[in-house]
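Trainee: To start, I am sharing the structure in question, which I have written as C-alpha cells.
The values are calculated or read from the model by the stated rules, or taken from the named source; none is laboratory data. Bear in mind the structure is a predicted one, so any value in this text is a computation, not a measurement. Neighbour counts run over all protein chains shown; Cβ positions are idealised from the backbone, glycine included. Just so you know, the surface numbers come from the protein's heavy atoms only, side chains and all, with ligands and any DNA or RNA stripped out. Shrake-Rupley method; radii C 1.70, N 1.55, O 1.52, S 1.80 Å.
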There are 2 protein chains.
Amino acid sequence: MRAGGRTARVRTAVLEAALHELAAGGYAALSIERIAERSGVHKTTIYRRWQSKEAVLAEAVGDLVESLFPIQVTGEIDRDLRVFARALVDLLTSDAPLVVGAVRALFSDAAHDPRIAELKRELYARRYDEARAIVQAAIDRSELPPDTDTRELIGLITAPIYYRFLVTQEPLDHAVADRTAATALIAVRAGACRLG
Amino acid sequence: MRAGGRTARVRTAVLEAALHELAAGGYAALSIERIAERSGVHKTTIYRRWQSKEAVLAEAVGDLVESLFPIQVTGEIDRDLRVFARALVDLLTSDAPLVVGAVRALFSDAAHDPRIAELKRELYARRYDEARAIVQAAIDRSELPPDTDTRELIGLITAPIYYRFLVTQEPLDHAVADRTAATALIAVRAGACRLG
C-alpha cells in the first residue's frame, strides 16, 4: 500500500467523512451508508476494509487525536509534560466542529455504548504507549527515576484536566495546564508514580 | 421549624420522592407533578418551597452525597484523605439505585443542561468548603504547610478517581483510593498545592 495511492485516498476520504457525519449528527446517527454517501466511496468497499462503523470511528478519532496532539520529546521533561498538558487543554477546548463532535462522542452518553467504551480503551492504551517515549527519554537523561510508572505520571497530568472539563466545569487554559504539569513533576520527583 | 415536625417530614418525603423519580426515569422525565404524586405532598406546597424541579434535585442530591460521603476529620491527615478517597470510590461504584440515578444525572448528557451545571457547581463549591475542615485541622497540627490550597489538594485526590470513572473506565477500588491519597500527600508535602 503506497501512502499516496488510491488506498490512502480512500482511507482519507472515509475517515474525514466519518468525522463530518459524527459532528453533524452524533454517534447514533452515524452509519456506513452515510459515510459512503458523503465520501463517495462505495459502502461495500468500506465494509470490506472496516467491517463496522465503530472501526471507522476508532481510526478516524485516533488519527484526529494524533494529528492535533502529537506526543513530543524535546529533551527536557518539564517542557515535554507542559507541552503535553497544553495540547490536551487545546484539544478539549477546541471549537473546530470536527473536534467538538469527536470529543462529544467520546464523553457523552454514547460513551456508555460498549463499542465506544472499547474504542476509548484502545485509544488510551495507544496514547499511554506513546507517552512512554517521553518518560523513557527522561529516565535516559536521569531526569526521572528508572522505575517511574508512565501511566500513573501521565494520569496525574490528564486527570485534573479532564476533571475540570467533565466534573467541575471550571475554565481550562494554558495556566491550568502548566500548573498541572508542574504538580505532577513535584509529585514524581518526591517519590510518587513508582512501578510495583 | 422543628426538625421532627411536619415541615421536616414534608421535606424528607419530597426529597426521597425526587431521588426515586430520578432513578426511575432520569432527569428529563422528572417533574414536580411526579414528585407530588409519589410523595403525597401537594404540588403547590412543593412549588411554594422549591420553585423548580432543579431546586428539589439540588437539595436531594446534596443530602444524598452528604449522608453517604460525610467529610470526616479524624486527627490524622493521611487517614482523613484516605477515608475521603474511599468514600468517593464507594459513592461512584455504589449499585444502590438511588445513588446510581443521581450519579447518572450529574454525569450523563443531562449535565449539559445549564441548571444541572449550576447544581453541580454549587454542590462542588459546598463540598470544597467542607473539605477545608480536613486541611485546616492538618495545618493546625502542623501536618501541612499553612498556605496549602485546599481546592487543589482535594482535586488531586478526586481528579484521578473521576478520571478512571469517566474517562478511562478502569476499575475503582479502595487500593486505587489509597494510592491516590498517598500520591496527593507526597505532592503537597513536596511543595505542590500552595495558595498564590
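Trainee: Of all residues in region B:65-76, which are touching a helix residue (DSSP H, G or I) at 6+ places or on another chain (Cβ under 9 Å) and open to solvent by 30 Å² or more (accessible area, probe 1.4 Å)? Before the answer, list the steps.
Mentor: As a first pass, look at region B:65-76 and keep what is touching a helix residue (DSSP H, G or I) at 6+ places or on another chain (Cβ under 9 Å): B:65-66, B:68-76.
Once the filter is applied, which keeps residues that are touching a helix residue (DSSP H, G or I) at 6+ places or on another chain (Cβ under 9 Å) and open to solvent by 30 Å² or more (accessible area, probe 1.4 Å), region B:65-76 yields B:E66, B:L68, B:P70, B:I71, B:Q72, B:V73, B:T74, B:G75, B:E76.
Trainee: Among the residues of region B:146-196 satisfying the criterion of being acidic (D, E) and free of Cβ contacts under 8 Å to residues at least 60 places away in the same chain, which is farthest from A:P160 (Cα to Cα)? Before the answer, list the steps.
Mentor: Kept after step one, since they are acidic (D, E), are these residues of region B:146-196: B:147, B:149, B:152, B:170, B:173, B:178.
After this cut, where a residue has to be free of Cβ contacts under 8 Å to residues at least 60 places away in the same chain as well, the list is B:147, B:149, B:152, B:170.
On the way: B:D147: 20, B:D149: 15, B:E152: 9, B:E170: 16 Å.
Here the answer is B:D147.
Trainee: Residues in region A:82-104 that are of a type in the set (G, A, S) and open to solvent by less than 10 Å² (accessible area, probe 1.4 Å): how many? Steps first, answer last, please.
Mentor: Step one: list which residues in region A:82-104 are of a type in the set (G, A, S), which gives A:85, A:87, A:94, A:96, A:101-102.
Now restrict to residues that are open to solvent by less than 10 Å² (accessible area, probe 1.4 Å): A:85, A:101-102.
Count: 3.
Trainee: Could you list, in sequence order, all residues of region A:13-40 that are open to solvent by 20 Å² or more (accessible area, probe 1.4 Å) and either more than 26 Å from A:P114 (Cα to Cα) or of a type in the set (D, E, K, R) (or both)?
Mentor: Residues satisfying the conditions are A:A13, A:E16, A:E33, A:R34, A:E37, A:R38, A:S39, A:G40.
Trainee: Of all the helices (runs of 4 or more DSSP H) wholly in region A:85-196, which have at least 3 residues that are modelled with pLDDT of 95 or more and facing chain B (nearest Cβ under 9 Å)?
Mentor: Those helices (runs of 4 or more DSSP H) span A:150-162, A:174-189.
Trainee: Follow-up question, since we're still on this one. Can you name every residue in region A:41-54 that is open to solvent by 70 Å² or more (accessible area, probe 1.4 Å), more than 21 Å from A:P114 (Cβ to Cβ) and not in a helix (DSSP H, G or I)?
Mentor: At the first step, the residues of region A:41-54 found to be open to solvent by 70 Å² or more (accessible area, probe 1.4 Å) are A:42-44, A:47-49, A:51.
Subset that is more than 21 Å from A:P114 (Cβ to Cβ): A:42-44, A:48-49.
Correct list: A:H42 only.
Trainee: State whether the residues of region B:31-42 include one that is within 19 Å of the chain's Cα centre (by Cα), in contact (Cβ under 8 Å) with a residue 24 or more places away in the chain and over 15 Å from B:L123 (Cβ atoms). Show your work before the answer.
Mentor: Here is the first cut: in region B:31-42, the residues within 19 Å of the chain's Cα centre (by Cα) are none.
No, region B:31-42 contains no residue that is within 19 Å of the chain's Cα centre (by Cα), in contact (Cβ under 8 Å) with a residue 24 or more places away in the chain and over 15 Å from B:L123 (Cβ atoms).
Trainee: Right, here's the next one. Can we say B:E21 is of a type in the set (D, E) and at pLDDT below 95? Can you show your working first?
Mentor: Details: of a type in the set (D, E): yes; at pLDDT below 95: no.
Criteria not met by B:E21.
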